[in-house]
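Following: one structure in structure tokens, then a few remarks.
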Amino acid sequence: DSSCADITWVETISIEEISDQKNITIYPNPVHDYLTIQFPNNQTENYQILSFDGKIVASYVGGVPLNVSQLSAGLYFICNENRTWFKKFIKN
């Protein structure tokens, strides 16, 4: 039956995933040298820091705090390697 070829699958984000992101804390914000990420279950992930225009400016393999002293002053986003969560922060 050719009518099945017109089906489009859409991935949705569950309420649980959205609330999990709210439980991720980053501090201090604004930051000068070291940024700490805190999860409710103390998990460790790999991280990427993105510039305001979405370019990767730094990557980190596990562990916190993250040394961000090399970044220029400005607005950034931090996310996990899979980009399932994002947090905004300001570098002084």
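The values are calculated or read from the model by the stated rules, or taken from the named source; none is laboratory data. Small disclaimer: the values here were computed from a predicted structure and weren't measured. Cβ coordinates were reconstructed from backbone atoms using ideal geometry, including for glycine residues, and neighbour counts include every protein chain displayed. Ligands, DNA and RNA are stripped out before the accessible areas are found, and what is left, the full protein with its side chains, is counted by its heavy atoms. Shrake-Rupley method; radii C 1.70, N 1.55, O 1.52, S 1.80 Å.
Numbers below:
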item: Some residue of the range 47-57 being more than 13 Å from Tyr76 (Cβ to Cβ), open to solvent by 100 Å² or more (accessible area, probe 1.4 Å) and at pLDDT below 95; result: no
item: Residues being open to solvent by 90 Å² or more (accessible area, probe 1.4 Å), over 27 Å from Ser72 (Cβ atoms) and at pLDDT 50 or above - total across the range 8-41; result: 7
